[in-house]
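The values are calculated or read from the model by the stated rules, or taken from the named source; none is laboratory data. Since the model is a prediction, treat every value here as computed from it, not as a measurement. As a convention, Cβ positions derive from the backbone with ideal geometry for all residues, glycine included, and neighbour counts pool all protein chains shown.
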Amino acid sequence: MPPAGAYIHVPYCAHRCTYCSFVALTDRGTEEAYFDAVEREIVARRDEVMGPLDTVYFGGGTPSFVAARRLGSVLGHLRDLMGVESSAEVTVECNPDDLSGEKLAQLVDLGVNRISIGVQSLHDSELVWLERRHDAASARRAVSEVVERVGNVSADVMIGIPGQSGRTLAETVRSLVDLGVTHVSAYLLEIEKAPRLVKLKGDQPELFPDDDDAADRWLDVDGCLESRGLVRYEFSNWARPGFESRHNLKYWLRWPTIGFGVSAHSFDGQTRRANSGSTVEYIRKVGESGVAVVSETMLEGLAAEKEAVLLGLRLRDGVEEAQFDALFPKLAPSDRDQLETAFMYRLLERAKGRVRLTGDGLLVSNEIFSALV
Amino acid sequence: MTDPTYIRNFSIVAHIDHGKTTLSDRILEITGALSAREMTEQVLDDNPIERERGITIKARSVTLNYRSEDGHTYLFNLIDTPGHVDFTYEVSRSLAACEGAVLVVDATQGVEAQTLANAYLAIHNDLTIVPCINKIDLPSAVPAMAREQIEEVIGIPAQHAPLTSGKVGTGVKDLLEHIVHDIPPPAGDPGAPLRALLFDSWFDVYRGVTCLVRVKDGSIRPGTKIRLMGTGVAAEVQEVGIYTPKQQVVSELSVGEVGYLIAGIKDLHATKVGDTVTEAERPCQEPLPGFQDVKPMVFASIFPTESDEYENLRDAMEKLRLNDASFTFEPESSTALGFGFRCGYLGLLHMEIVQERLEREFNLSLVTTAPSVPYRVKTTRGELLEISNPVKLPEPQYIDEIEEPYILATIITKDEFLGGLLALAEERRGKQVSLEYAGTQRAVLKYEFPLNEVVLDFYDKLKSISRGYASFDYQLIGYRPGDLVKLDILINGDAVDALAFIVHRAKSATKGRALVEKMKEMIPQQMFEVIIQAAIGSKILARSTVRALRKNVLAKCYGGDITRKKKLLEKQKEGKKRMKKVGRVDLPQEAFLAVLRVDD
């Protein structure tokens, strides 16, 4: 079994950004009890995956919003109870505003060696729509400082912000690379859960890219990063060779990950488990039994094979031909048909013993993936 | 037996929504067939889909006792008739069972196309017409206008027509007295061999086929060995009875009487409407006139969206056919859509009802193709073919001549819409037979149309041009030659058989262009470019392109929530399942009906 990774969800934020679809709270009244619960959960589930962990990932919410000692205490529990390799990748998601020199130093002291910064954009007019606390200037400062202090730095970039143009997006991406980030995650703004953005789209549809525009933007980002030496190793992630996120790769490779905290997900190689999505319920359940699992799905046989190929195809190198060919005859005729069509139109290709999505195929990946669910 | 002098057999006919059913119910209530408490509204329509659409499909009869002001009690047989143009033949057979017809005219609407068509059918069957002006309780009622139109348009006197309100009951007694005095009693010879008109039949699993009959001569009782003269089927009567409207067994049905018979017949198709029932051993000399084997005039194919639903679809159709002798189907195999059925219907409404019942009552997901009409093709080798499926049309070089069915249509409209309707008629290859004014602002148009110009969306167009006012009725008048061609629709270069249709050559290019544009709107973007072409033989008339889908990706997954992503994908896949794969292209169900949605 490959080494496992741990995810810890930190739901607290200074502000609830309109587009965010994750568990995020601005009320910190539960913070103390929450971190106690996370540590109890670690105690209770310490044997669920085999240690030592080789990745630890604090996501949110805004992990940088809470005191560093809280993260340190959680890390301590993980080290003591499950073991964390000395070479482990330890990532913390940060908001640019939280990265005062002191906070950063504290995180480094805890052993954090990778910072993922929620930059989103380096244009103030775009950041306004996202209701981010930071402005472009503070984001630049934060990125430079983290690059200097930590080295392994990822920046999140958003495609499809109201008013964003191909030019402003390219500027953001270029600046980030110039500032020295080693990793970029780009994703599409989903406005469905953001009523203010839905309304804005109704009033001023011209501010939003249509699907084809969004696809062009993604290609712009890809072109810009690849030409600067950041390789797209997964659909929405680019990195300088050697700086790929080891933790995120585990999700696509179906390696074991254990998630602690509200709404966290775990996978032990066979079964997917999800924790309660309510912070209050999470704290209560952990208080009662040490765990807060609310759903469990065990995947076996064909379902597992399909999922492995589906996830693997998100990676630049795709999946092994043998793995794909073993699955193919077991699929329903209509699904086989769909995949054959994808090969025919060069959306899927065979290369060097592997099956992978082509550039065009990436853009319509859901059409292909739907044959694998 | 009841003395025929005191029997009155009649139907109530009307344009749709002129209040026929409410008036019938009121008559039932007044004659004591049902107490007010037992009345549920509109008891004669007992199929939910009929009720929903406000139309009556199956004929029913009800036997009522009415004590007239002359002191005698009369036996009324009220025979309900189907209320739609598709069922003209059934209406005419129901009327043939009567001596009279109450012609209901809505006092707010006046004479409409179906009023006229029904009046003509009644006159054709030598019936005495009792006009009746209904809905006089409404503030907008203008009885004088309705009266004038009855006299001018239909040409029957109406100065004494009862003024009624089925809703509140006004004038219904007066109407019943008119029925007693104006409609003649039935004539016939009680001693002659049995001669009875079969005017409705239906099937149920417990008793088999029940037939509604009107005895013209002789009598019928349990034990009578009967023969149906048209189909030749022989059987022994087990039970006769009447509906009051509750089913009530009687010892015999005699001259002039109307009731049901059950004779152990299991197949509805053996009991055709319009057939003559006679005694097997002592047959009558001549069958009753007017019997026809009704042929479907509208054809369309039905395919299950999922091929494994084929058997379920067949079972459902067989169940429907048990009770609908005019619905036909035969297996069909389409290259594009797989296995399905070519179905025949009396008309468009009949088609819609059957398709809706299949989807609703049997919970099937179906792809239906655009309706077509039966063509007669003379080949160069001298064969005569009946083509009810465009796919089967021979290649042009083997066709000597094609004939298509024509109808005589009656359209009644306010004159302000005349211009638009004349243009529509023109565009649909209509030939004007007459244009008359009836009263002020009211025009009666008669046109001959090729049926295929009417089956698509004529009725919807008519209604939208006239803002709902114009009414329409038609009858078939035979076959005539036409310059017709098969228009093929090609998807990425392959002709899709289920999309082919037959069109007049002069309209083929316009139609083809409009259709490919319409389909472009309906077909979702796919992983690749979809090219839609319209062609006659190898000649491409029009082309449009659905661009390849550029983007269909989900945002990044966080925190390992793979399950959520998969759920989204599954949802997307579910949506696709409702589409039909033709070659590699997913076509939504409505694309097969695009031809109905084309704005000419």
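Just a few scattered comments:
- For B:LEU346, the criteria (1) under 30 Å from B:LEU445 (Cβ atoms); (2) under 17 Å from the mean Cα position of the chain (by Cα); (3) free of Cβ contacts under 8 Å to residues at least 60 places away in the same chain hold in every case but one, which is (3).
- Any hit, segment A:361-370, residues being closer than 16 Å to B:GLN526 by Cβ, at the interface with chain B (Cβ under 10 Å from one of its Cβ atoms) and more than 27 Å from the chain's Cα centre (by Cα): no
- Single residue of segment A:146-193 satisfying the filter (polar (S, T, N, Q) and under 18 Å from the mean Cα position of the chain (by Cα)) that is nearest to the other protein chains (Cβ to nearest Cβ): A:SER185
- Residue match in segment B:536-547 (condition: surrounded by fewer than 17 Cβ atoms within 10 Å (Cβ to Cβ), within 14 Å of chain A (Cβ to nearest Cβ) and in contact with a helix residue (DSSP H, G or I) (Cβ under 9 Å, 6 or more places away or on another chain)): yes
- Check on A:LEU225, of a type in the set (A, V, I, L, M, F, W, C), more than 18 Å from A:GLN164 (Cβ to Cβ) and more than 10 Å from chain B (Cβ to nearest Cβ): no
- Restricting attention to segment B:128-164 and to residues that are touching a residue at least 60 places away in the same chain (Cβ under 8 Å) and under 25 Å from B:THR73 (Cα atoms), the residue that is surrounded by the most Cβ atoms within 10 Å (Cβ to Cβ) turns out to be B:CYS132.
- Residue within segment A:253-264 that is within 14 Å of another protein chain (Cβ to nearest Cβ), surrounded by fewer than 16 Cβ atoms within 10 Å (Cβ to Cβ), outside any strand (DSSP E or B) and touching a residue at least 12 places away in the same chain (Cβ under 8 Å) present: yes
- Where a residue in segment A:88-100 is within 30 Å of A:PRO52 (Cβ to Cβ) and its partner, wherever it lies, is charged (D, E, K, R) and part of a strand (DSSP E or B), with Cβ under 8 Å and at least six apart: A:ALA88/A:ASP54; A:GLU89/A:ASP54; A:GLU89/A:ARG114; A:VAL90/A:ARG114; A:THR91/A:ARG114; A:VAL92/A:ARG114
- Filter pass, A:VAL198 being away from chain B (no Cβ under 13 Å) and either of a type in the set (Asp, Glu) or more than 23 Å from the chain's Cα centre (by Cα) (or both): yes
- Checking each residue of segment A:303-315 against the condition of being within 11 Å of another protein chain (Cβ to nearest Cβ) and either touching a His at 6+ places or on another chain (Cβ under 9 Å) or over 30 Å from A:VAL23 (Cβ atoms) (or both) gives no match.
- Of the residues A:THR26, A:THR18, the single one that is modelled with pLDDT under 95 and in contact with a His (Cβ under 7 Å, 6 or more places away or on another chain) is A:THR26.
A quick yes/no check of all residues on (1) at positive phi; (2) surrounded by 14 or more Cβ atoms within 10 Å (Cβ to Cβ):
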{"position": "B:ALA438", "(1), (2)": "no, yes"}
{"position": "B:GLN441", "(1), (2)": "yes, no"}
{"position": "B:GLU448", "(1), (2)": "no, yes"}
{"position": "B:TYR459", "(1), (2)": "no, yes"}
{"position": "B:ASP483", "(1), (2)": "no, no"}
{"position": "B:ARG513", "(1), (2)": "no, yes"}
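Listed here are the residues, each with its yes/no results for (1) within 14 Å of chain B (Cβ to nearest Cβ); (2) among the aliphatic types (A, V, I, L, M); (3) not in a helix (DSSP H, G or I).
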{"position": "A:ILE8", "(1), (2), (3)": "yes, yes, yes"}
{"position": "A:VAL43", "(1), (2), (3)": "no, yes, no"}
{"position": "A:GLY59", "(1), (2), (3)": "yes, no, yes"}
{"position": "A:SER64", "(1), (2), (3)": "no, no, no"}
{"position": "A:GLY76", "(1), (2), (3)": "no, no, no"}
{"position": "A:VAL90", "(1), (2), (3)": "no, yes, yes"}
{"position": "A:GLU102", "(1), (2), (3)": "no, no, no"}
{"position": "A:ALA105", "(1), (2), (3)": "no, yes, no"}
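- Taken together, A:GLY29, A:GLY61 contain a single residue that is in the same structural domain as A:SER138 (by TED's automatic domain parsing) and either more than 23 Å from the chain's Cα centre (by Cα) or farther than 22 Å from B:ARG564 by Cβ (or both), which is A:GLY29.
- Among the residues listed as B:ARG221, B:ARG195, B:ARG227, B:ARG207, the single one being among the basic types (Lys, Arg) and either modelled with pLDDT under 95 or in contact with a helix residue (DSSP H, G or I) (Cβ under 6 Å, 6 or more places away or on another chain) (or both): B:ARG207
- Restricting segment A:235-252 to residues that are closer than 20 Å to A:LYS306 by Cα and surrounded by 20 or more Cβ atoms within 10 Å (Cβ to Cβ), the residue that is nearest to the other protein chains (Cβ to nearest Cβ) is A:TYR251.
- Hits in segment A:321-342 - residues which are within 14 Å of another protein chain (Cβ to nearest Cβ) and either under 19 Å from B:GLU306 (Cα atoms) or among the acidic types (Asp, Glu) (or both): A:LEU331, A:ALA332, A:PRO333, A:SER334, A:ASP335, A:ARG336, A:ASP337, A:GLN338, A:GLU340
- Residue satisfying condition, being among the acidic types (Asp, Glu), surrounded by 15 or more Cβ atoms within 10 Å (Cβ to Cβ) and within 19 Å of the chain's Cα centre (by Cα), within set B:GLU306, B:GLU332, B:GLU352, B:GLU356: B:GLU352
- From the list B:LEU568, B:LEU596, B:LEU515, the one residue that fits, being out of contact with any Pro (no Cβ under 7 Å at 6 or more places or on another chain), outside any strand (DSSP E or B) and within 9 Å of chain A (Cβ to nearest Cβ), is B:LEU568.
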